[in-house]
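Chemist: The structure is given below, and queries will be raised subsequently.
The values are calculated or read from the model by the stated rules, or taken from the named source; none is laboratory data. Remember, it's a predicted structure, so these values are computed and weren't measured experimentally. Please note: Cβ atoms are built from the backbone with ideal geometry, for glycine as well, and neighbour counts cover all protein chains shown. For accessibility, only protein heavy atoms count, side chains too; no ligands or nucleic acids. Shrake-Rupley method; radii C 1.70, N 1.55, O 1.52, S 1.80 Å.
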Amino acid sequence: MTQTNPAPFAGVHYLKAPERSSIGDNAPVETLVSEIIANVRKNGDAAVREYSVKFDKSDISVFEVTQAEREDALATLDPQTRKDTEFAIENVRKFAKAQLATILPLEVETLPGVHMGHRVIPIQRVGCYVPGGRYPLLSAPIMTIVPAKVAGVDEVIACLPPNAHKAMIAGCHLSGADRIFKIGGAQAIAAMAYGTESVPAVNKIVGPGNAFVNEAKRQVFGPVGIDQLAGPSEIFVVADSTGDAEMIATDLLAQAEHDIRTRVGLITTDAALAAATLAQVEAQLATLSTANVAAQAWRDYGEITVCDSEEAMIGYSDLIAAEHLQVHTADPKAMALKLRNYGSLFIGELASVVYSDKCSGTNHTLPTMGAGAYTGGLWVGAYVKIATHQWLDERGVAAVAPPAARQSASEGLEGHRRAAQLRLDRMQKA
């Protein structure tokens with residue numbers, strides 16, 4: 001039965017509306033995180049140890065993973081799992097290298113004697129937060145560590161919760177982490193941001209985490225860079241009458257099993273497909289082993305909307321700016337060109353989010369909560385700085401000094417005027 005919720009967008013109507021707001025449900029954790037950061041900043045390892053006991057039920061005196069622990073994690077890693085992990089690493093590495101090849105240094109003479117350019121400089125030290133989570137997500141360290149190594153980062157620090165699966169240590173090692181620390185949560189972010197007796201301070205922190213990790217990244221931003229503020233996972237599908245209800249429902253539930261706060265949805269111009277997808281979701285939940293999570297996410301945050309036109313479908317999709325956006329239409333490549341707000345796009349029904357999540361090569365660390373309207377996801381370019389430079393000869397000074405001096409004078413900045421004029425005056429006396 002069609003729900004009576006108000007239309008979310010002109011020409012868009014709910015068949016199944018979300019019962020809660022993922023943004024509104026982002027529990028206020030600001031005060032606690034602020035306390036954690038201040039404590040770690042002041043007391044270093046002692047504070048980290050305190051929070052490891054309190055939150056992770058882990059009382060460890062040495063946080064850094066030793067070489068012996070790395071070797072043990074590799075030795076106990078299932079052989080097929082290792083092969084699959086290395087397959088994913090290679091694909092992510094290939095794509096990151098191809099992306100890096102598009103970021104070129106620049107030298108240009110904008111006026112006679114005025115030379116400008118930029119260098120592509122790798123960040124010196126990066127901290128990668130690797131979430132422990134409900135399952136050992138081996139793809140998580142791959143997505144943050146491998147692009148950093150491709151970019152040429154001098155030192156990559158990885159932090160993961162002390163109770164994370166041993167295979168996650170193997171994943172960090174295989175991905176190329178220079179140092180690995182068993183520290184989780186907001187205390188890991190604070191340790192990487194400000195440094196402790198054990199953990200070196202980094203220049204930038206990347207990687208997803210829970211609400212506490214996210215808030216900690218927000219609070220430390222400034223002295224240290226961050227990639228983005230990532231909320232619960234999202235997947236939306238835009239589809240016309242050619243969409244396959246079973247496939248769409250399967251993909252929605254594949255993301256819904258991540259977390260009870262995952263946001264999933266179908267945006268379609270076909271009412272029959274909307275109804276069929278709703279039925280498929282309910283049917284598949286009956287046999288899904290992770291339904292205890294997926295069903296709650298679907299109930300609270302799942303939605304299906306029917307659009308009066310393709311234009312309304314595109315407009316609503318761009319408003320959502322979903323983290324993952326799948327395109328299931330008669331001409332998906334043409335439709336893809338009409339969409340502009342998303343974290344990562346999956347064109348055609350054969351391109352599943354799951355492939356990117358695990359091993360195909362694009363990065364799965366992506367913007368959520370509408371941030372796809374202004375930014376893309378984590379990529380190799382996040383690990384380099386584009387730093388500009390300039391140099392002038394006498395022709396250049398003759399061209400830019402007079403307008404620079406006049407502008408400085410009109411602004412009342414006498415020091416600026418003198419600095420602009422000095423070189424010109426000396427040239428004229430020579």
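Residue by residue, here is whether (1) of a type in the set (A, V, I, L, M, F, W, C); (2) in a loop (DSSP other than H, G, I, E, B); (3) open to solvent by 20 Å² or more (accessible area, probe 1.4 Å); (4) farther than 23 Å from A88 by Cα holds:
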site	(1), (2), (3), (4)
A170	yes, no, no, no
A177	yes, yes, no, no
A188	yes, no, no, yes
A191	yes, no, no, yes
A201	yes, yes, yes, yes
A216	yes, no, no, yes
V238	yes, no, no, yes
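Chemist: Can you tell me which residue among V120, V150, V126, V130 is in contact (Cβ under 8 Å) with a residue 60 or more places away in the chain, over 24 Å from R218 (Cα atoms) and in contact with a helix residue (DSSP H, G or I) (Cβ under 7 Å, 6 or more places away or on another chain)? Explain how you work it out, then say what you get.
Modeler: Working: V120 fails: in contact with a helix residue (DSSP H, G or I) (Cβ under 7 Å, 6 or more places away or on another chain); V126 fails: over 24 Å from R218 (Cα atoms); V130 fails: over 24 Å from R218 (Cα atoms).
The unique qualifying residue is V150.
Chemist: Across the stretch 124-138, which residue is surrounded by the fewest Cβ atoms within 10 Å (Cβ to Cβ) among those that are at pLDDT 95 or above and over 17 Å from the mean Cα position of the chain (by Cα)?
Modeler: Here is the first cut: in the stretch 124-138, the residues at pLDDT 95 or above are 124-130.
If we keep only those that are over 17 Å from the mean Cα position of the chain (by Cα) as well, we get 124-125.
Numbers: Q124: 12, R125: 18.
This residue is Q124.
Chemist: Scan (1) among the aliphatic types (A, V, I, L, M); (2) touching a strand residue (DSSP E or B) at 6+ places or on another chain (Cβ under 9 Å); (3) at pLDDT 95 or above for the single condition A164 breaks and write down its number.
Modeler: Checking A164 against (1) among the aliphatic types (A, V, I, L, M); (2) touching a strand residue (DSSP E or B) at 6+ places or on another chain (Cβ under 9 Å); (3) at pLDDT 95 or above, the one that fails is (3).
Chemist: Still on this structure, please answer the following. Can you find, within the stretch 224-236, the residue that is surrounded by the fewest Cβ atoms within 10 Å (Cβ to Cβ) among those that are of a type outside the set (G, A, S) and not in a loop (DSSP other than H, G, I, E, B)? Don't jump to the end; show me each part of the working.
Modeler: Filtering the stretch 224-236 for residues of a type outside the set (G, A, S) gives 224, 226-229, 232, 234-236.
Subsequent filtering for residues that are not in a loop (DSSP other than H, G, I, E, B) retains 224, 226, 234-236.
Details: V224: 17, I226: 22, E234: 29, I235: 26, F236: 24.
It comes out as V224.
Chemist: Then there is this: So, in the stretch 378-418, how many residues would count as being outside any loop (DSSP other than H, G, I, E, B), surrounded by fewer than 17 Cβ atoms within 10 Å (Cβ to Cβ) and charged (D, E, K, R)?
Modeler: 6
Chemist: Does V40 fit the bill of being touching a Phe, Trp or Tyr at 6+ places or on another chain (Cβ under 9 Å) and either closer than 20 Å to P136 by Cβ or modelled with pLDDT under 95 (or both)?
Modeler: Criteria not met by V40.
Chemist: Still on this model: Step by step: first the residues of the stretch 139-161, then only those that are assigned to a loop (DSSP other than H, G, I, E, B) and open to solvent by 30 Å² or more (accessible area, probe 1.4 Å), then the one that is farthest from F63 (Cα to Cα). Which residue is that? Explain how you work it out, then say what you get.
Modeler: Our first condition is that a residue be assigned to a loop (DSSP other than H, G, I, E, B); within the stretch 139-161, this holds for 152-154, 161.
Add one more test, that the residue is open to solvent by 30 Å² or more (accessible area, probe 1.4 Å), and what stays is 152, 154.
Working: G152: 26, D154: 21 Å.
That would be G152.
Chemist: Which of the residues spanning the stretch 298-317 are of a type in the set (F, W, Y) and touching a residue at least 60 places away in the same chain (Cβ under 8 Å)?
Modeler: Y301, Y316
Chemist: When the residues of the stretch 252-266 are narrowed to those that are crowded, with 22+ Cβ neighbours inside 10 Å and assigned to a helix (DSSP H, G or I), which ends up nearest to the chain's Cα centre (by Cα)?
Modeler: My answer is Q255.
Chemist: Scan the stretch 370-377 and give yes if some residue there is over 23 Å from F9 (Cα atoms), surrounded by fewer than 19 Cβ atoms within 10 Å (Cβ to Cβ) and under 13 Å from the mean Cα position of the chain (by Cα), otherwise no. Break it down into steps so the answer makes sense when it comes.
Modeler: The initial filter retains those residues of the stretch 370-377 that are over 23 Å from F9 (Cα atoms), namely 376-377.
Subsequent filtering for residues that are surrounded by fewer than 19 Cβ atoms within 10 Å (Cβ to Cβ) retains 376.
Those still in the list that are under 13 Å from the mean Cα position of the chain (by Cα) too: 376.
Yes - at least one qualifying residue is present in the stretch 370-377.
Chemist: Looking only at residues in the stretch 193-225 that are more than 16 Å from E155 (Cα to Cα) and β-branched (V, I, T), which one is modelled with the lowest pLDDT?
Modeler: Step by step, filter the stretch 193-225, then rank; the result is V213.
Chemist: Here's another thing I want to ask about it. Name the residues in the stretch 277-297 that are in contact (Cβ under 8 Å) with a residue 40 or more places away in the chain and buried (at least 24 other Cβ atoms within 10 Å of the Cβ), would you?
Modeler: Selection gives A294, A297.
Chemist: Another question about this same structure. Quick check: is even one residue across the stretch 318-329 without any contact (Cβ under 8 Å) to a residue 24 or more places away in the chain and surrounded by 18 or more Cβ atoms within 10 Å (Cβ to Cβ)? If you could, list the steps in order and put the result at the bottom.
Modeler: Initial filter on the stretch 318-329 (without any contact (Cβ under 8 Å) to a residue 24 or more places away in the chain): none.
No, every residue in the stretch 318-329 fails to be without any contact (Cβ under 8 Å) to a residue 24 or more places away in the chain and surrounded by 18 or more Cβ atoms within 10 Å (Cβ to Cβ).
Chemist: Would you point out the residue of the stretch 33-69, among those that are in contact with a Pro (Cβ under 7 Å, 6 or more places away or on another chain) and part of a helix (DSSP H, G or I), that is surrounded by the most Cβ atoms within 10 Å (Cβ to Cβ)? Before you say what the answer is, go through the steps one by one.
Modeler: First, the residues of the stretch 33-69 that are in contact with a Pro (Cβ under 7 Å, 6 or more places away or on another chain): 52, 56, 58, 60.
Of the ones still in play, those that are also part of a helix (DSSP H, G or I) are 52, 56.
Details: S52: 23, D56: 19.
Result: S52.
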